[in-house]
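The values are calculated or read from the model by the stated rules, or taken from the named source; none is laboratory data. Note that this is a predicted model, so its numbers are computed, not measured. Heads up, the Cβs are rebuilt from the backbone with ideal geometry, glycines too, and the neighbour counts pull from every protein chain shown. Quick note on the areas: whole protein, heavy atoms, side chains included, nothing else; ligands and nucleic acids left out. Shrake-Rupley method; radii C 1.70, N 1.55, O 1.52, S 1.80 Å.
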Amino acid sequence: MKSPGWSLVVHGGSGVIDREDLKPEQDRAYRAVLARAAETGAAVLRLGGAALDAVEAAIHVLEDDPLFNSGRGAVFTADGRVELDAAIMDGATLAAGAVAGVTRVRNPISAARAVMERSPHVLMAGSGADAFARAEGLAEADPGYFFVERRWRALEKQLTREGLPVPVRPHGASQDLAHAALAHDEGKRGTVGVVARDARGHVAAGTSTGGTTGKRWGRVGDSPLIGAGTYASDRSAAVSGTGEGEYFIRLSVAHRICALVELKGLSLQAAVDEVIHGELTALGGQGGVIAVAPDGQMAWGFNTSGMYRARVADGRPLEVSIYKDEP
């Protein structure tokens, strides 16, 4: 039987994303970056590269673009700074790495991979994770690099609504009004993620996020928690989630989907639907996932009005979608 070849799926967050909410230029901008991220990952896979490398490369594109709530475009905490979370997992070995609450790492997904490959740990948090990334020579950025005007305005609005003080703007904050006009506030469900299957049949997953606007007390969501927002196993699937993290944590969404595939024999799409449209919805949570399986299946599902997403596979053209009524 012919191998199904490689495949890759990207998401840029789910949430309140309706056609009437996005101007034509916003729609085009988001689709262009999703396509660029997918093609970046696909280029790795076309050359016979590993799923893990494709995942990291594609997420770099999303982390570097201010349109998405990760890396450069991350939302602000109530203290007026970014606290970034990321995780990556190799389905071939079940090796995994994650960081939570980092503030200076330019590409948190690479910090997560460094934790996986160059430390005995799975998860590092806060100043310790920043120090580890620095010691490993990963690129850092000043606070002004992460500043996006639209994200700051969202913080001001939320803190004012909650009766909390608005912090001083970060040092070096730009006045990038072009990106302020393009970025869309998707609510509390913004995240980016990539899942991939390489030509050898191995799968990998990665997720990166800035968390939720105005978060306090060192809040950490599902993205860096292996099994909740990120999971990969060659025995089942690779999954990356985006949504209300507290619900994803309580349901162990990413691992739950993989368990349904491995233990109940569900197809990948059926497992995604059962967890997202069944269990997550019943619990009152909102969000979505992307997934790939070792046999080449690709799937996505979300119970919000939209999810930024793209997929491409060996012998199949690139598809980019945003709204619920798109394939």
When every residue in the range 230-268 that is among the acidic types (Asp, Glu) and within 27 Å of residue 17 (Cβ to Cβ) is compared, the one most open to solvent (accessible area, probe 1.4 Å) is 246
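Which one of 244, 262 is under 14 Å from the mean Cα position of the chain (by Cα) and more than 18 Å from residue 194 (Cβ to Cβ)? Steps first, answer last, please.
On the way: 262 fails: under 14 Å from the mean Cα position of the chain (by Cα).
It is 244.
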Considering residues that are more than 23 Å from residue 149 (Cα to Cα), part of a strand (DSSP E or B) and of a type in the set (Val, Ile, Thr), the number found within the range 207-240 is 4
Going through the range 11-29 in order, the residues found to be in contact (Cβ under 8 Å) with a residue 12 or more places away in the chain, assigned to a helix (DSSP H, G or I) and either in contact with a Gly (Cβ under 7 Å, 6 or more places away or on another chain) or farther than 23 Å from residue 244 by Cα (or both) are 25, 26, 27, 29
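Report yes if residue 35 is open to solvent by less than 30 Å² (accessible area, probe 1.4 Å), among the small types (Gly, Ala, Ser) and either more than 30 Å from residue 168 (Cβ to Cβ) or under 13 Å from the mean Cα position of the chain (by Cα) (or both), otherwise no.
Values: open to solvent by less than 30 Å² (accessible area, probe 1.4 Å): yes; among the small types (Gly, Ala, Ser): yes; either more than 30 Å from residue 168 (Cβ to Cβ) or under 13 Å from the mean Cα position of the chain (by Cα) (or both): yes.
So residue 35 fits the description; yes.
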Q. Among the residues of the range 93-109, is there at least one that is buried (at least 24 other Cβ atoms within 10 Å of the Cβ), in a helix (DSSP H, G or I) and of a type in the set (A, V, I, L, M, F, W, C)?
A. yes
Conditions (1) surrounded by fewer than 24 Cβ atoms within 10 Å (Cβ to Cβ); (2) over 23 Å from residue 308 (Cβ atoms) -> residue 64 fails only (2)
